[in-house]
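The values are calculated or read from the model by the stated rules, or taken from the named source; none is laboratory data. Predicted model, so just to flag it, every value in this text is computed and none were measured. Positions of Cβ are backbone-derived with ideal geometry, glycine not excepted, and every protein chain shown enters the neighbour counts. SASA here: full protein model, heavy atoms, side chains in, ligands and nucleic acids out. Shrake-Rupley method; radii C 1.70, N 1.55, O 1.52, S 1.80 Å.
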Amino acid sequence: MADGSDTKLATDPTAPASTPAGLVAGIRAFAAGHGGAKAVIEYVGKRGARIVLVGEDGVWTDQFAEATDVARTACVKAGVEVENEWERELMDQMRPSNDLWRSMGRRNLAR
């Protein structure tokens, strides 16, 4: 058991990852509605990968995929550029919504 021979992966790592059509459509729709978009993909453990989409108008959202390679493939199919990391210019472009500011204020006041 020390060598890992008794464990099996749930999926075959050599099999190509399938990209859900709904994920691609959601990314494409966001980009179209906000004058284009850029994406940053973050690994979030067993949950998979978080795709943070930042529109050209500063609006942002996120979606989840089952793995980072699925997320990257979905972005490529949707025509959205994937950034390798959070660049200062991309972070400066983000504009938090009023609802997000209110929720952050409630969390701060509740402490």
**OP:** Please work out how much length the chain gains when fully extended from Ala21 to Lys46, using 0.36 nm per residue of separation minus the C-alpha to C-alpha distance, in nm with one decimal.
**Re:** 6.9 nm
Subject >> Formal net charge of residues neighbouring Tyr43 (Cβ-Cβ distance under 14 Å; K, R +1; D, E -1) >> reply: -1
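Contour minus end-to-end for Asp92 and Glu56, with contour as 0.36 nm per residue of separation and end-to-end as the Cα-Cα distance? Intermediate values should be presented prior to the final figure.
Numbers: separation 36, 0.36 × 36 = 12.96 nm, distance 1.13 nm.
Taking 0.36 nm per residue and subtracting the Cα distance, the gain is 11.8 nm.
What does the charge count around Asp92 come to, taking other residues whose C-beta lies under 15 Å from its C-beta (Lys +1, Arg +1, Asp -1, Glu -1)?
Every neighbour counted, the sum reads -3.
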Subject >> Accessible heavy-atom area order of Arg88, Arg72, highest first, probe of 1.4 Å >> reply: Arg88, Arg72
Original post:
Any idea of Asp62's accessible area? Nearest 10 Å², probe 1.4 Å.
Top reply: 60
